[in-house]
1. Using a 1.4 Å probe, how large is the accessible area of PHE126, given in Å² and rounded to the nearest 10?
2. ALA221 versus ARG181, label points 7 Å from Cα toward the beta carbon: distance in nm?
3. What does the accessible area of GLU54 come to, in Å² to the nearest 10, when a probe of 1.4 Å is used?
4. Over its Cα atoms, what ratio of radius of gyration to 2.2 N^0.38 Å does segment 45-85 give?
5. Round to a whole number: what % of the accessible area of segment 124-226 belongs to carbon and sulfur, probe 1.4 Å?
6. Leaving ligands and nucleic acids out of the surface, order ASP156, ASP118 by accessible area at 1.4 Å, largest first.
7. Can you give the percent of C-alpha pairs in segment 29-148 whose distance is more than 19 Å?
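The values are calculated or read from the model by the stated rules, or taken from the named source; none is laboratory data. Computed from a prediction, not measured in an experiment: that's the story for all the values here. Positions of Cβ are generated from backbone atoms using ideal geometry, with glycine treated the same way; all protein chains shown enter the neighbour counts. The accessibility values were calculated without ligands, DNA or RNA, using every heavy atom of the protein model including side chains. Shrake-Rupley method; radii C 1.70, N 1.55, O 1.52, S 1.80 Å.
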Amino acid sequence: MSMRLALAACALASVAACAPLPNQRDRYTRLLTPTAEVSKVIATELAFARAAREDGQWTAFDEYAADGALIFGRNGAIEAKPWLRSQDNPPEAVSWEPHRVWSSCDGSLAVTQGGFTDPDGSVGTFNTVWQRQRNGDYRYVFDFGFPQDEAPVAPDMISSAVAACDAKIDTGEPDSAIPLRVSRDGTLAWGFQTVGQGERHYVVWLAGEDGWEQVVAIALAPDAAQ
């Protein structure tokens, strides 16, 4: 049946008969109006950690990296995939879990932060920027971890925050000294920079009803290990 005939048939039939089913309507709404998917971001982060344990640390990092993804180490940012594919998996992988998530209103970009434990017992904090791909999956575009003397305290529940969808941002982007990369809808921004003799900076901003709020601000001394 041609599209024209299909439309004519729908016009002649009852509204109820031609209307999409509730689950179809929900699917169409999601396709037309991108939304935040915090639970999917968390599930991806947990699957990433599980893959590291089961398939090998660097194999998992390669699998979950977007094309052009960056890893921010002591010597600055490097492209992830070429470096990862030259590495051998360690006998035991680092383990980690997310503690909090921030997402743009449209879900095109999300940021996770949590704690990790190396096989040697050292602990620290990781930060990952996730970008939704064309197929709807999330892959990381930036990963940044650093050790600490004490493990970050894990919350009872993973906390999350989604940018205000009707936020009124006067200047368009946050007033940041660090160059920023912004989500498609302009409600989440993040950036990194190496300054001086190797001091590393990383920031994340989330749009709220009253404007931009800086939710992550990290500055690491040059001698801080990866």
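1. Around 10 Å² of this residue is reachable by solvent.
2. My value for the distance between the label points is 2.9 nm.
3. Approximately 130 Å² of GLU54 is accessible to the 1.4 Å probe.
4. Values: Rg = 10.4 Å, N = 41, 2.2 N^0.38 = 9.0 Å.
Against the compact-globule rule of thumb, the ratio is 1.16.
5. Numbers: 2560 of 5650 Å².
Exposed carbon and sulfur together represent 45 percent of the surface.
6. Numbers: ASP156 160, ASP118 50 Å².
Sorted descending by solvent-accessible area, the residues read ASP156, ASP118.
7. Numbers: 3298 of 7140 pairs.
Cα-Cα pairs of segment 29-148 separated by over 19 Å account for 46 percent.
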